[in-house]
Amino acid sequence: MKRIGPAFFLALVAIVFCACSQHNLGTFVLTSPSPVLDRIQQRGELVVATAAGMPPLNMTTRDGKIIGLDADLSRFLADAMEVSLRLEPMAFSDLLPALEAGKVDMVISGVTITVRRNRRVAFVGPYLISGKGLLTREARLAAIKGPDGINRAEVRLTALKGSTSADFIKTVAPRAQFLPVQTYAEAVTMVIDGRVDAMVADQPICLVSAARHANQGLMALVSPLTYEPIGIALPANDPLFVNLVDNFLTTLRDNGTLEHLKQQWFQKGDWWEQTQ
């Protein structure tokens with residue numbers, strides 16, 4: 001039997017080493033358990049998508065800064081991960097497609113957790129419980145107790161395109177005229193101008209909009225029409241990242257920080273002047 005020479009042995013080791021560097025060989029290669037976390041750490045930046053026009057959850061100030069409950073949650077998480085934060089504003093209907101395409105790391109933008117959405121992306125939360133409300137100038141609509149009050153052919157409704165509010169209208173008020181919009185600012189203006197009879201949106205947004213435009217005679221339902229759990233949308237293929245965000249949100253909830261943030265944005269109106 002021929003003895004293996006040193007040169008041949010070193011060449012064999014080099015071949016095996018190269019193969020190990022290109023393929024997963026079980027216990028010999030430790031692949032990252034979280035591709036999204038790797039991406040965030042390598043970039044040094046957490047990218048969060050938001051509509052930036054859903055006060056008091058997210059809104060844009062006159063100087064272009066995005067503020068609100070969702071912005072604060074994003075900033076706290078970025079700080080905990082020791083990376084910078086980039087809030088990426090876009091139309092509400094583009095939020096989940098951007099997440100699925102890997103253009104952003106997460107979506108924090110008043111997104112209701114639904115079974116249909118949860119089949120596409122992962123969710124953590126809820127961090128807020130809401131429900132469908134109405135913003136209107138008509139007392140008869142502000143006094144309705146159920147969705148039957150808007151399911152009439154003469155009623156004109158608006159809601160964000162791609163939102164659960166749009167789905168709500170199509171499901172419970174199919175006889176109503178539906179005019180979808182891209183932003184809440186557009187929807188509120190349509191109500192004020194009389195182009196629609198009411199805007200359907202999450203109850204907090206309706207209440208804040210009515211308070212901000214009190215001189216326009218806007219009114220909102222006192223009690224929401226539905227139950228809406230609001231959550232953080234995350235990539236579907238990264239359990240470790242989902243676990244990290246879940247533990248982070250649980251900590252904020254348990255130590256009282258989340259409740260403090262809600263009081264700041266929902267009960268105080270000192271931020272209004274920045275966005276008017």
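Can you run down the residue pairs with Cβ atoms below 7 Å, 6 or more apart or on separate chains, where the first is in the stretch 94-110 and over 16 Å from ARG43 (Cβ atoms) and open to solvent by 30 Å² or more (accessible area, probe 1.4 Å) and the partner is among the β-branched types (Val, Ile, Thr) and at pLDDT 95 or above?
What qualifies is GLU100/VAL121.
Read through the list (1) open to solvent by 60 Å² or more (accessible area, probe 1.4 Å); (2) assigned to a strand (DSSP E or B), then give the number of the only condition that GLY133 fails.
(1)
Here is a check on your reading of the model: is ALA210 within 30 Å of ILE144 (Cβ to Cβ), in a helix (DSSP H, G or I) and either out of contact with any Phe, Trp or Tyr (no Cβ under 7 Å at 6 or more places or on another chain) or open to solvent by less than 10 Å² (accessible area, probe 1.4 Å) (or both)?
Considered against the rule, which asks whether it is within 30 Å of ILE144 (Cβ to Cβ), in a helix (DSSP H, G or I) and either out of contact with any Phe, Trp or Tyr (no Cβ under 7 Å at 6 or more places or on another chain) or open to solvent by less than 10 Å² (accessible area, probe 1.4 Å) (or both), ALA210 comes out as yes.
For LEU258, only one of the following conditions fails: (1) at pLDDT 90 or above; (2) closer than 19 Å to GLY68 by Cα; (3) open to solvent by 70 Å² or more (accessible area, probe 1.4 Å). What is its number?
(3)
Which one is modelled with the lowest pLDDT, of the residues in the stretch 216-231 that are assigned to a loop (DSSP other than H, G, I, E, B) and within 12 Å of ALA198 (Cα to Cα)?
Result: LEU221.
Could you please let me know if ALA166 is in contact (Cβ under 8 Å) with a residue 12 or more places away in the chain, assigned to a helix (DSSP H, G or I) and not acidic (Asp, Glu)?
Taking the combined requirement at face value, the residue satisfies it.
Failed condition for PRO235, given (1) touching a Lys or Arg at 6+ places or on another chain (Cβ under 7 Å); (2) open to solvent by less than 40 Å² (accessible area, probe 1.4 Å), with all others met?
(1)
Let's see how each residue does on (1) touching a strand residue (DSSP E or B) at 6+ places or on another chain (Cβ under 6 Å); (2) closer than 11 Å to ALA198 by Cβ; (3) of a type outside the set (A, V, I, L, M, F, W, C):
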{"residue": "VAL124", "(1), (2), (3)": "yes, no, no"}
{"residue": "TYR127", "(1), (2), (3)": "no, no, yes"}
{"residue": "THR136", "(1), (2), (3)": "yes, yes, yes"}
{"residue": "ALA139", "(1), (2), (3)": "no, no, no"}
{"residue": "ALA142", "(1), (2), (3)": "yes, yes, no"}
{"residue": "ILE150", "(1), (2), (3)": "no, yes, no"}
{"residue": "LEU160", "(1), (2), (3)": "no, no, no"}
{"residue": "THR164", "(1), (2), (3)": "yes, no, yes"}
{"residue": "PRO174", "(1), (2), (3)": "no, no, yes"}
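Can you name the number of the only condition in (1) under 30 Å from LEU261 (Cβ atoms); (2) surrounded by 19 or more Cβ atoms within 10 Å (Cβ to Cβ) that ALA176 fails?
(1)
Against the conditions (1) aliphatic (A, V, I, L, M); (2) in a strand (DSSP E or B); (3) more than 30 Å from ARG119 (Cβ to Cβ), where does VAL200 fall short? Just the number, please.
Against the list (1) aliphatic (A, V, I, L, M); (2) in a strand (DSSP E or B); (3) more than 30 Å from ARG119 (Cβ to Cβ), VAL200 comes up short only on (3).
Looking at (1) of a type in the set (Gly, Ala, Ser); (2) on the phi > 0 side of the Ramachandran plot; (3) open to solvent by less than 10 Å² (accessible area, probe 1.4 Å), which is the one condition that is false for ALA78?
ALA78 satisfies every listed condition except (2).
Look at the stretch 26-62 and say how many of its residues are at pLDDT 90 or above, within 22 Å of LEU244 (Cβ to Cβ) and open to solvent by 20 Å² or more (accessible area, probe 1.4 Å).
Adding up the residues that qualify gives 9.
Mind counting the residues in the stretch 31-76 that are within 11 Å of the chain's Cα centre (by Cα) and among the β-branched types (Val, Ile, Thr)?
Counting residues in the stretch 31-76 that are within 11 Å of the chain's Cα centre (by Cα) and among the β-branched types (Val, Ile, Thr) gives 2.
In this structure, does GLY131 turn out to be touching an Asp or Glu at 6+ places or on another chain (Cβ under 9 Å), over 29 Å from ASP254 (Cβ atoms) and among the small types (Gly, Ala, Ser)?
Taking the combined requirement at face value, the residue does not satisfy it.
The values are calculated or read from the model by the stated rules, or taken from the named source; none is laboratory data. Values in this document were obtained by computation on a predicted structure and should not be read as measured data. Cβ coordinates were reconstructed from backbone atoms using ideal geometry, including for glycine residues, and neighbour counts include every protein chain displayed. Surface areas here come from the heavy atoms of the whole protein model, side chains and all, with no ligands, DNA or RNA. Shrake-Rupley method; radii C 1.70, N 1.55, O 1.52, S 1.80 Å.
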